[in-house]
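K.L.:
Have a look at the structure that comes next, please.
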Amino acid sequence: MRPIQYLLAALVLAGMLVYFARLRSRLADRLIVLLLGAAGLVLVAFPELANRLAEFAGVWRGADLVVYVALLGLAWICLVLLSRLRELDARLTELARAIALLTPHFPHRPTQHTPEALPQQRGGEEQLQGSQQAAAGHGGAQSAS
């Protein structure tokens, strides 16, 4: 085997190990990755097999056949990811609508975080003391005039 074949085989094995160790997936996805990895190792070890398959498929070289198959695989992955993205977008929209219906926001009413709402959250004594202090401040100003 040539040095590049060792390097390519190591890259295929490393990719498979990372996939199996780090990514959660369904059993069917794991089998597909296992089959693709095995096919990649076979084609790296026996490049003349890729040339024979290419001739059978009507392509000039085995490398061209590998590139064509890889492009088809990437297009399929893009379509799968796009469909999952649209599904997640629809679910997120549905969730946002449900939350919006459960927690209505009335712009004319003060919310719990606005300064107008703070006296309403205080206890009765604090609110009474605050209003008495305000009245005393206004009364004192009126008696001085």
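The values are calculated or read from the model by the stated rules, or taken from the named source; none is laboratory data. Owing to the predicted nature of the structure, the values given are computational and were not obtained by experimental measurement. For neighbour counting, all protein chains shown are included, and Cβ atoms are generated from backbone atoms with ideal geometry for every residue, glycine included.
K.L.:
So, residue 24, is that one outside the structural domain of residue 77 (by TED's automatic domain parsing) and part of a loop (DSSP other than H, G, I, E, B) or not? Spell out the reasoning first.
P.N.:
Working: outside the structural domain of residue 77 (by TED's automatic domain parsing): yes; part of a loop (DSSP other than H, G, I, E, B): yes.
Criteria met by residue 24.
K.L.:
While we're on this one: Would you mention how many residues in the stretch 27-61 are assigned to a loop (DSSP other than H, G, I, E, B) and loosely packed, with under 11 Cβ neighbours inside 10 Å? Can you show your working first?
P.N.:
Start the filter on the stretch 27-61 by keeping residues that are assigned to a loop (DSSP other than H, G, I, E, B), which leaves 46, 58-61.
With loosely packed, with under 11 Cβ neighbours inside 10 Å added as a condition, the list becomes 58, 60.
Final tally of qualifying residues: 2.
Per-residue answers, yes or no, for (1) at pLDDT 90 or above; (2) of a type outside the set (A, V, I, L, M); (3) part of a loop (DSSP other than H, G, I, E, B); (4) in the same structural domain as residue 32 (by TED's automatic domain parsing):
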| site | (1), (2), (3), (4) |
| --- | --- |
| 71 | yes, no, no, no |
| 76 | yes, yes, no, no |
| 82 | yes, no, no, no |
| 86 | yes, yes, no, no |
| 89 | yes, yes, no, no |
| 93 | yes, yes, no, no |
| 97 | yes, yes, no, no |
| 110 | no, yes, yes, no |
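K.L.:
Do we find that residue 144 is modelled with pLDDT under 90 and either closer than 28 Å to residue 29 by Cα or surrounded by 11 or more Cβ atoms within 10 Å (Cβ to Cβ) (or both) in this structure?
P.N.:
No, not satisfied.
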